[in-house]
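Colleague: Just passing along the structure, written as structure tokens.
The values are calculated or read from the model by the stated rules, or taken from the named source; none is laboratory data. Computed from a predicted structure; not experimentally measured. Note: ideal-geometry Cβ built from the backbone for every residue, glycine included; neighbour counts use all protein chains shown.
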Amino acid sequence: MVDFILAGPNTPFAVALGLMIAIALAEGVGTLMGLGLSSMIDSLLPEVDLPDVDLPDMDAPDFDAEITGGALPGDLETVAAGTEVTGPAGQGIFSQILGWLCFGRVPALIILVIFLTGFGLAGYVLQSLVQSVTGFLLPGILASAGAFAGALPFTRVTALGLSKVMPKDESDAVSRQTFVGKPAVIVQGNAKAGLPAQARLKDASGQSHYLLVEPDVDGEELEQGTDIIIVRQKGPHFTAIRNTNATLTGASD
């Protein structure tokens, strides 16, 4: 059995299952150390197609922000003036593939673990069947192609099943573009320029959203526990300023 598992043509499947175990261990250690590995990966991915969700108006109340120099950042002025804020370009084929695989409904790290598991198991099952019939193993590249084809539907079906039973209080169904101008709180790490921290934002329906933020003011550091206002979207993450408006303090709790 060990010889079969570690056989040369089966190396891709052994690596996949080994990587799956390593990711699971890394996520467990990261959780104990307060590092949101899964949330960080989700924040780096583009938005994907999700079912439309009707939510109540989530416009933030008016507020006065104190910033050195007395001026609001350009993007926040736009929000305060009621001008529509536009985000990244529309969905591409890559985003559609991610959507088909249920990214956005299930954490990316879980989907990756499912795929690696499906790939590894499908490869071993395929090689076992071939060996029982012919007495030989398929070349690694051919077996990997077959395992990949089997792992994709396995990943989709499994992720769809998980999406139906996972808690819905931390949903990404709301477009990330609507986060601009909303209050949030730093929940993990200290945000610096080039070193984002994790923030939690609650929409009007009470659902929590986790995103990576950097300070919008040069040289500023936003410590864990700081109340902030999301200013603009910057690629896969956001920039923010301190929330100095008393009426919004605690709005993200």
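Colleague: How about segment 190-248: which of its residues are exposed (fewer than 15 other Cβ atoms within 10 Å of the Cβ), modelled with pLDDT under 85 and among the charged types (D, E, K, R)?
Modeller: Listed by number, the list holds a single entry, LYS234.
Colleague: Looking at this structure, is LEU138 in contact (Cβ under 8 Å) with a residue 60 or more places away in the chain, surrounded by 18 or more Cβ atoms within 10 Å (Cβ to Cβ) and assigned to a loop (DSSP other than H, G, I, E, B)? Talk me through it step by step, then tell me what you get.
Modeller: On the way: in contact (Cβ under 8 Å) with a residue 60 or more places away in the chain: yes; surrounded by 18 or more Cβ atoms within 10 Å (Cβ to Cβ): yes; assigned to a loop (DSSP other than H, G, I, E, B): yes.
Here the answer is yes, as LEU138 does meet what is asked.
Colleague: Okay, moving on. Since PRO153 meets every condition but one in (1) touching a Pro at 6+ places or on another chain (Cβ under 9 Å); (2) modelled with pLDDT of 90 or more; (3) not hydrophobic (A, V, I, L, M, F, W, C), which condition does it not meet?
Modeller: (1)
Colleague: Next question, about the same structure. Looking at SER175 and the list (1) modelled with pLDDT under 90; (2) polar (S, T, N, Q); (3) in contact with a strand residue (DSSP E or B) (Cβ under 9 Å, 6 or more places away or on another chain), which single condition is not satisfied?
Modeller: The number of the failed condition is (3).
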